[in-house]
Amino acid sequence: MHTSKGLPKASPNRNVTVTPDPFYAVDTSIGIFDFYRGTIELSGLLNDFRTLLYRLNVAYQDRNTFIEGSGDRNFYIAPVISLMLVERTRLTLEGDYQDLNSNIS
């Protein structure tokens, strides 16, 4: 998910479609050089008719490197809303936002 300089090169879980089955996940990682990463993934139904679905991915990363003054702080959010119009026809709206703050030498 990162290039050789540690910059994001892909969005997490973008190939997974919105499904009516509820799903909730939280993940954290802590490592050397003050590495902290957290992700949240949510999906499910928004109405009782099972026609309006959502998916939300959120990620935050804050890390330093062994080089003093180098590191990054990144935020990512990707909301998806999908409306089942008729059988086999779906309208899907997707958003994708990244805030990349890197100081990598």
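Laid out as a table, the results:
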read-out: Whole-Hz couplings from phi, Karplus 6.51/-1.76/1.60, listed for segment 26-42; x for Gly and Pro; value: 10, 9, 10, 9, 9, x, 5, 6, 6, 8, 9, 9, x, 9, 10, 9, 10
read-out: Amide H contacts under 5 Å for Leu46, placed H, 5+ residues apart; value: Leu52, Leu53, Tyr54
read-out: 5 angstrom amide H check on Phe35, placed H, neighbours 5+ away; value: Asn64
read-out: Residue-normalised accessible area of segment 45-103, expressed per residue, 1.4 Å probe, Å²; value: 68
read-out: Protection-proxy order for peptides 87-98, 28-39, 62-73, each taking the mean of Cβ atoms within 10 Å per residue, highest first; value: 62-73, 28-39, 87-98
read-out: Amide proton proximity set for Ser70, modelled H, under 5 Å, gap of 5+; value: Thr65
read-out: Segment 41-57-segment 77-105 distance, computed between alpha-carbon centres (Å); value: 13
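The values are calculated or read from the model by the stated rules, or taken from the named source; none is laboratory data. Fair warning: this is a prediction, and the values are worked out from it, not measured in the lab. Backbone-built Cβ (ideal geometry, glycine too); neighbour counts: all protein chains shown. Remember, those area values only see protein heavy atoms, side chains included, never the ligands or the DNA or RNA. Shrake-Rupley method; radii C 1.70, N 1.55, O 1.52, S 1.80 Å.
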